[in-house]
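The values are calculated or read from the model by the stated rules, or taken from the named source; none is laboratory data. Computed from a predicted structure; not experimentally measured. Methodologically, a virtual Cβ is constructed for each residue, glycine included, from the backbone with ideal geometry; neighbour enumeration extends over all protein chains shown. To get the accessible areas, we keep the full protein, side chains included, count just its heavy atoms, and leave off ligands, DNA and RNA. Shrake-Rupley method; radii C 1.70, N 1.55, O 1.52, S 1.80 Å.
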Amino acid sequence: MSDSYKIKHHGVETASNQSANLLLSEVMDARFSRRGLLKGSGAAGLAGVLSGSFAALAEAAPLPFARKPPQLGFKPVPFGFEDKVVVPEGYIAEVLYAWGDPVGIKGNMPAFKQDASNTAAEQAVQAGMHHDGMAYFPLPLGATGSKHGLMAINHEYTDDGLLHVDGMNNWSADKVKKAQAAVGVSVIEVEANGKGWNVVRPSKYARRITANTPIAIGGPARGHALMRTDADPRGVEVLGTLQNCANGQTPWGTYLTCEENWDGVFVNNSGQLTELEKRYGISAKDAGYNWAWEDFRFDLQLNPNEANRFGWVVEIDPFDPKSTPVKRSALGRFKHEGATVTIAPSGHAVVYMGDDQRFEYIYKFVSKHKYDPKNRKANMQLLEEGTLYVARFDADGSGQWLPLVHGQHGLTSDKGFADQGEVVIKARMAADILGATKMDRPEWIAVHSHKPGEVYCTLTNNSERGKDGKPGTDAANPRKHNLFGHIIRWNEANGDAVSTAFKWDIFVLAGRPDADKEEHKGNIHGDYFGSQDGLKFDNNGVLWVETDVSTSTVNMKEYKGMGNNQMLAVVPETGEFRRFLTGPNGCEITGIAFTPDNKTMFINIQHPGEPADERNDPAKPLAISSWPDGPKAGRPRSATVAIRKLDGGIIGS
Ligand code: FEO
Ligand code: CA
Ligand code: CA
């Protein structure tokens, strides 16, 4: 989801963090070092192999990739101005799974209706809207093959202008039900035949998780007084997950989906917002979804604790369609972008997470118990217990992970933290007290697939950095009015993800070399870009970067001439960015998954056809884009795209 959507439709202040944490700008000059600080972090062991996301299930077979830096072999594509997906010569991109396609439940596979007249019940067994993070799991469980698997795919939010025949006119409880059925997660079975990838239908794995699917509450917030509602007096089960942005994937074969802009569906128009509500961006107006008027669960005057039950990372077992997903509260409550999992040399599971709002923080979770490749059942509890940390980036290039532990460092009852449950529910406020560094909107986090402990995070942009009354620049966020964003990198001490100390540098400042203003020029070597968001290493050591320039800005203003949103590849050891893909009009590029052999890449095209005000007019749904179905169809559709090399080679080579 782009920035301006949050501002316009969420109707909230653009930064909820009013804490008085020390600003590093008061200490030192900005650091523009691209990679001076970081030296190689040692040989890659098991932990390194496991740190790549989908490589996670690879304990049965070694990966076939050399540990030396790869070379990019494709010819870059130019900026994109066409209503299509453009990939380099020698590659093919094919739509696999678009909004409205049946998920594949036996006996219940309604086709998409181009006029958007599918009912709420039909939508609940079809692909949701606005595909975002996703992961590929080889079938069967524990396999490492690349021709047959499951995919879990997030559906982040809805454009109600497209979702209903007449958009938001004649608003009704049925429309709310359909919208609630169009968010959440899809689990689909996919297979490659000689001609490309297909969704297997029907499939015993096919599943939709929506805003109304029962989900257990785990971790320290389970049963907490702040989690109890009239419908769930014990505070142990919540209906649904929503605003599912980026994701994670565990080595034990589960999917992590992350609740980001959940505040946007809640309303408290009592005129009295609590401190907790304010800190999380809740306001008297929702973001334009209009759920609270038809489904009182989202009216915080009537259900004051319901909002506390959102803002979590949710763990899903895609191999068991009957399993109950779990909100893993030990990982903290905020506006979660993603949840990137790595296994430390000691065997502890470590999860890196960004809180995507201006001036919010970067977190990591370290499990109490250790990963055991032979005990999936025990691994399924690893995210229940552990230590949550928040990052402080110091001006000298060092950094600290600060523990959010009840009873320590001021996280005590007199400060409003009665127990660890309250610490995780109010994680942002706990992080304020610890003095974490306010970042330029942390989005995805990627762990280097060959260097344990080397981690990258996209900071997409922050137009308010340095504005009157707002935090100024600091070493880790060195530009005022940061319209293009940057990518920050840290190396955990000893290459060990459980370390509480790290060294950091700025991997790249995005921008355009031809900008009028110095502050927008950046220092990209190669093809240029801005507002980077999706970020993932393949298991060949190539870092893939996807952009989400908001539709109110894309190819306009400071981004004029840069075309539609794009995807690039970079080998960190060389630092050269090469443009690999451009998307159709009005879209964001997001979601990245690979088959273990790295010969298929899956990406998501989110919100093709989105206008600058970010909601379509149902009378003119094709005004901006008719991707992927063409101008004779009814609506543009978000979709998962499978990309292959025509010669069957490794993507990027
Ligand atoms: Fe859903 Fe931060 O993007
Ligand atoms: Ca974004
Ligand atoms: Ca995002």
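What is the distance, in nm, between label points placed 7 Å from the Cα along the Cα-to-Cβ direction at residue 647 and at residue 413?
Inter-label distance under the simple model: 7.0 nm.
How big is the dipole moment of region 3-645 about its Cα centre under a simple scheme where the beta carbon of each Lys and Arg is +1, that of each Asp and Glu is -1, and everything else is neutral? Debye, nearest 20, please.
1260
Given the options 606, 69, 483, identify the residue whose Cα lies farthest towards the positive end of the charge dipole of region 3-645 (+1 on Cβ of Lys, Arg; -1 on Cβ of Asp, Glu).
69
Using protein chains only and a probe of 1.4 angstrom, how many square angstrom of residue 228 are accessible, to the nearest 10?
110
How far apart, in nm, are the 7 Å Cα→Cβ label points at residue 148 and residue 111?
My value for the distance between the label points is 2.8 nm.
Can you give the log10 of the normalised intensity I(q)/I(0) at q = 0.08, 0.09, 0.11, 0.12 Å⁻¹, computed with Debye over equal Cα scatterers of the chain?
Computed log10 I(q)/I(0) values: -0.50, -0.65, -1.03, -1.28.
Just report the Cα centroid separation between region 349-370 and region 200-267, whole Å.
Using only Cα atoms, the two centres lie 18 Å from each other.
Label-point separation (nm) for residue 141 and residue 574, each offset 7 Å from Cα along Cα-to-Cβ?
4.1
Count the net charge of all other residues whose Cβ sits under 15 Å from the Cβ of residue 646, scoring Lys and Arg as +1 and Asp and Glu as -1.
Neighbourhood net charge equals +2.
So what is the calculated 222 nm ellipticity per residue for the chain, using -39500 (n - 2.57) for each DSSP H run with n of 4 or more, over all residues, to the nearest 500 deg cm²/dmol?
Value at 222 nm, helices only: -2000 deg cm²/dmol.
Just the number, please: percent antiparallel of the DSSP beta bridges in the chain, rounded to the nearest 5.
If I count the DSSP bridges inside the chain, around 95 percent turn out antiparallel.
Calculate, for region 505-638, the solvent-accessible area per residue in square angstrom, rolling a 1.4 angstrom probe over the heavy atoms of the protein chains.
Per residue, region 505-638 has 27 Å² of solvent-accessible surface.
Within 10 Å, count the other beta carbons around each residue, average over each peptide in 80-90, 407-417, and list them highest first.
Per-residue mean Cβ counts within 10 Å order the peptides as 80-90, 407-417.
In vacuo Debye scattering of region 156-218, one point per C-alpha: log10 I(q)/I(0) at q = 0.15, 0.20 Å⁻¹?
Relative scattering, expressed as log10 I(q)/I(0), comes to -0.66, -0.87.
Can you figure out the FRET efficiency of residue 166 with residue 612, using R₀ = 22 Å and their beta-carbon distance, to the nearest 0.05?
For residue 166 and residue 612, the calculated efficiency is 0.50.
What does the charge add up to near residue 566, with Lys and Arg as +1, Asp and Glu as -1, over the other residues with Cβ less than 12 Å from its Cβ?
-3
For region 450-601, just say rounded, prolate or oblate: build the C-alpha gyration tensor, square-root its eigenvalues into a ≥ b ≥ c, call rounded for a/c under 1.5, and beyond that prolate if a/b exceeds b/c, oblate if not.
Verdict is oblate for region 450-601.
Nearest 0.05, what FRET efficiency do residue 322 and residue 75 give at R0 = 30 Å with Cβ-Cβ as r?
For R0 = 30 Å, the calculated efficiency reads 0.05.
Scan region 574-653 for trypsin sites (Lys or Arg not before Pro) in coil per DSSP, keeping those whose Cβ has at most 11 other Cβ atoms within 10 Å, and list them by number.
632
³J(HN,Hα) across region 562-578 via Karplus (A = 6.51, B = -1.76, C = 1.60, θ = phi - 60°), whole Hz, x for Gly/Pro?
Karplus-based 3J(HN,Hα) across region 562-578 equals 8, x, 6, 4, 9, 10, 10, 10, 9, 9, x, 5, 9, x, 8, 8, 10 Hz.
Report the relative contact order of the chain, percent, no decimals, based on alpha-carbon pairs under 8 angstrom and at least 6 residues apart.
19
So if each residue of separation counts as 0.36 nm, and I subtract the Cα-Cα distance between residue 84 and residue 230, what length gain in nm does that give?
47.7 nm
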